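The structure appears below as structure tokens.
The values are calculated or read from the model by the stated rules, or taken from the named source; none is laboratory data. All figures in this text were calculated on a predicted structure; none of them were measured in a lab. Cβ placement follows ideal geometry from the backbone for every residue including glycine, while neighbour counts extend to all protein chains displayed.
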Amino acid sequence: AKTHFHGFVVHETKVNRLCKTHNSITVNGQFPGPTLEVSNGDSLVIRVVNRARYNVTIHWHGVRQVRTAWADGPEFITQCPIRPGGSYTYRFTISGQEGTLWWHAHSSWVRATVYGAIIIRPRKGESFPFAKPNSDSVILLGEWWDANPIDVIREATRTGAAPNVSDAYTINGQPGDLYNCSKKDTVVVPVSSGETNLIRVINAALNQQLFFTIANHKFTVVGADASYVKPFTTDVLMLGPGQTTDVLIKGDQPPARYYIAARAYATAQGAPFDNTTTTAILQYEAINGTSSKPIMPTLPAFNDTKTATAFTTSFRSRDTPIVPTEIDENLFITAGLGINQCPPNANPKSCQAPNGTRFTASMNNVSFVLPSNFSLLQAHHQGIPGVFTTDFPGKPPVTFDYTGNVSTSLWQPIRGTKVYRLNYGANVQIVLQGTGIFTAENHPIHLHGYDFYVVAEGFGNFNPKTDTAKFNLVDPPQRNTVSLPVNGWAVIRFVADNPGTWIMHCHLDVHIGWGLAMVFVVDNGVGNLQTLEQPPQDLPTC
Ligand code: C2O
């Protein structure tokens, strides 16, 4: 196994998009940022230097970080932010993961432009569990604002209203030729007749689940979130932010130019969303030049839950994994939006959600508040009192019709930095239940520090009597982000074998800001191999 050394300098760079020049935060002046290419078993040492005007941390999304929670990256959870002028070196090892992950900033909305791919190939001497593809490429789906994204979220925080929707989606940082001033920079993916290409699709958008398709070509899905799956074919993918999907496509169509396209899968009823389409071009090598008009695919309608569900329920682990069966911790966690009344002494300008309220969100009616003086991991490791409380409830405070017409008394969560404590090695099951509080929508729920098995998902209220029978304990897919269906539920299982403080949150950034998050504190086990490492010397302080 190899050790890869990288330097990431975070700084503002001039970026031209949608007919304007922007000062965007980038890594090493690149947007999207550098791709990390490694093999399973390799280690990474990445020194991040912050030359931007904002706090920064980098999260290696989906990397398990076994015993290296200090390198996970979410600000105030596993580290204090790297202040402007500061630096921090992340050190971690990839173990037992193959496929595609990604990295992104985990501080405010910096990740709008600070993200990149992580490609994990099989170890030397080992091969893919499918015929070696002729080419290997990355598609990073993103979301672009004409305004500075940090200003967009600051303004939303000030007003309590929803932030402005984006002005474009992007493929590898480029909006594509359906947007103004974007034609000449449209991304071109080459393909040769008869060859098979591996395409690694990553949804790095801030706030939007996306449908993804290529005109006239079928996908064979082979992996997701750096785990292999039983291959299945589909015309369209749906990815929540945070998710990755590896697909094979075959150059089996008449040589021509075909659009690669993505647009929103938007489920929040009546809420505005960016209803535009981003494109790139799949171009056969036999075609010279760019004059022929690309063939356009049909994308599902923005609210096509049927297509989205058909896709998300097709995943099965490639091998037969060991799924925990005896459950030690059986949690039921609701996820949904809410509102807070405008405090009596507040400026009404800061309460511009419906009827003079502020938007909020919660899990089990707790709206998560980040600490500010210490990271949770530091507080846990050093026993610093007063930073968090361990009373995150393992079930909602009251039982109600979660997806029905919910009484307004349930709309207002309490605020707090509440964690749930897990013993090392506990077998954990979580029923994630979406709520119809305020408005129902999908929530891509991401857990740090673990992959989990998605054993079942469905619509309506989870019913333990009838739904338990639907659990797939044979070959459930292993993921780090599950797309919790609109007005529905999903059940996940994992073994708590990684000590540290691990945030579980909705990967729509607007929902994190509103508090749709909670944290697990996993204690050390017995002996060195079950114990969190010592903090690095250069760990930033708050
Ligand atoms: Cu991809 Cu907590 O993040």
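Quick rundown of the values:
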item	result
The lone exception for residue 157 - which of (1) of a type in the set (S, T, N, Q); (2) closer than 30 Å to residue 353 by Cα; (3) in a loop (DSSP other than H, G, I, E, B); (4) over 20 Å from the mean Cα position of the chain (by Cα) it fails	(3)
Residue selected from the stretch 238-248 under the condition more than 16 Å from the ligand (Cβ to nearest atom) and buried (at least 24 other Cβ atoms within 10 Å of the Cβ), by the criterion farthest from residue 483 (Cα to Cα)	247
Enumeration of residues in the stretch 519-542 that are outside any loop (DSSP other than H, G, I, E, B) and more than 12 Å from the ligand (Cβ to nearest atom)	520, 521, 522, 528, 529, 530
Single residue of 335, 353 found to be surrounded by 12 or more Cβ atoms within 10 Å (Cβ to Cβ), assigned by TED's automatic domain parsing to the domain that holds residue 523 and under 24 Å from the mean Cα position of the chain (by Cα)	335
Among (1) within 16 Å of the ligand (Cβ to nearest atom); (2) in contact with a Pro (Cβ under 7 Å, 6 or more places away or on another chain); (3) touching a residue at least 60 places away in the same chain (Cβ under 8 Å) - the single one residue 106 does not satisfy	(3)
Verdict on residue 92 being aromatic (Phe, Trp, Tyr) and within 16 Å of the ligand (Cβ to nearest atom)	yes
Yes/no for residue 503 being closer than 22 Å to residue 110 by Cα, modelled with pLDDT of 95 or more and not in a loop (DSSP other than H, G, I, E, B)	yes
The listed residue being touching a strand residue (DSSP E or B) at 6+ places or on another chain (Cβ under 9 Å), in a loop (DSSP other than H, G, I, E, B) and more than 16 Å from the ligand (Cβ to nearest atom), out of 268, 280	268
Of all residues making up the stretch 55-86, the number that are of a type in the set (Val, Ile, Thr) and either surrounded by fewer than 24 Cβ atoms within 10 Å (Cβ to Cβ) or more than 15 Å from the ligand (Cβ to nearest atom) (or both)	3
Test result for residue 436, more than 21 Å from the chain's Cα centre (by Cα) and touching a residue at least 40 places away in the same chain (Cβ under 8 Å)	yes
Residue match in the stretch 390-407 (condition: basic (Lys, Arg), modelled with pLDDT of 95 or more, touching a Phe, Trp or Tyr at 6+ places or on another chain (Cβ under 7 Å) and part of a loop (DSSP other than H, G, I, E, B))	yes
Residue 56 being aliphatic (A, V, I, L, M), touching a Lys or Arg at 6+ places or on another chain (Cβ under 8 Å) and modelled with pLDDT of 95 or more	no
Flag if residue 227 is crowded, with 20+ Cβ neighbours inside 10 Å and modelled with pLDDT of 95 or more	yes
Tally, over the stretch 507-516, of residues that are within 13 Å of the ligand (Cβ to nearest atom) and either free of Cβ contacts under 8 Å to residues at least 12 places away in the same chain or under 13 Å from the mean Cα position of the chain (by Cα) (or both)	5
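Conditions tested, residue by residue: (1) under 28 Å from residue 414 (Cβ atoms); (2) buried (at least 24 other Cβ atoms within 10 Å of the Cβ); (3) modelled with pLDDT of 95 or more; (4) touching a Ser or Thr at 6+ places or on another chain (Cβ under 9 Å).
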{"residue": "426", "(1), (2), (3), (4)": "yes, no, yes, no"}
{"residue": "429", "(1), (2), (3), (4)": "yes, no, yes, no"}
{"residue": "445", "(1), (2), (3), (4)": "yes, yes, yes, yes"}
{"residue": "477", "(1), (2), (3), (4)": "no, yes, yes, yes"}
{"residue": "489", "(1), (2), (3), (4)": "yes, yes, yes, yes"}
